[in-house]
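One structure below.
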Amino acid sequence: MCGRFTLGKPTEIIKRFNTSNKLPMFEPSWNIAPSWTIPTITRNSPNKIAMMKWGFLFGKTSNYGTINLRSETLKERPFFRHFLMEKRCIIPADSFYEWGEVNLEGKPEKYPFNFYLKDRKIFGFAGLYNDFKDAEGRPIFSCAILTCPPNEVVKKVHNRMPAILKESDEDEWLNPENKDFENIFKFLKPYPTRDMKFNLVSQRVNNTGNDDKNLIKPFENPQLKLQ
């Protein structure tokens, strides 16, 4: 799963995703957590930035938002077909965290690892969103990151990874005319291993109150070894 991610240069979203509107107020963050209201990209003739709660709400009575949706589950459950056809989005990021087991003086302990593309360039997670109005008629938008099996880089730490879209595939992912079920799923696959890197980082990431650029800095400790 993907439970935290970063967006250190949100002002790059407009140019990178060719959006028609300006980015609403959103400060750079190196520790974005579930339930945050985050920038997403939707296709609305042309692309548009929409702010959504990270945690997919299934309806007005939902109390808990699902932050990740397994791509395999979407195939198995007809409920999601509508969202795959009509409610696809892109969630901008520039890295994400996964927790893996390391050996610390002979004892296993969980530590966060930071995964990113070469040059730490901005990219987009494949996402789905839902929108409805609450009891008072106010619009509610929520989203989830889609996940897939890991590539060889992420596999060293975790058995799942977020589905990262290739830049060349983003337009087709958002294209509302793309309603071919199998064609949509071809984008939900592990990102090329050769284009990703990762490093061990500090356990300061565990506390959502910590939010600074030092969180993605490699944590140097010769006693820690990945299990």
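Read the figures in this text as sums done on the coordinates, not as results from a lab. Note that the structure is predicted; figures quoted are calculated from it, not measured. Every residue, glycine as well, gets a Cβ built from its backbone with ideal geometry; the counts of neighbours run over all protein chains shown.
Key figures for this structure:
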| item | result |
| --- | --- |
| Karplus 3J(HN,Hα) series, Hz, for the range 78-89 with 6.51 cos²θ - 1.76 cosθ + 1.60 (x for Gly, Pro) | x, 3, 7, 4, 4, 5, 5, 7, 10, 10, 7, 8 |
| Residues with amide H under 5 Å from that of residue 140, placed H, sequence gap 5 or more | 132, 133, 134 |
| Alpha-carbon centroid distance for the pair the range 16-78 / the range 90-145, whole angstrom | 10 Å |
| Rg(Cα)/(2.2 N^0.38 Å) for the range 1-94, N = residue count | 1.14 |
| Label-point separation in nm, residue 131 to residue 119, each point 7 Å along Cα→Cβ | 3.3 nm |
| The range 107-162: radius of gyration and largest Cα-Cα distance (Dmax), Å | 16.9, 53 |
| D_trans [Stokes-Einstein, Kirkwood Rh over alpha-carbon pairs] for the chain, 4 °C, 1.567 mPa s, µm² s⁻¹ | 71 µm²/s |
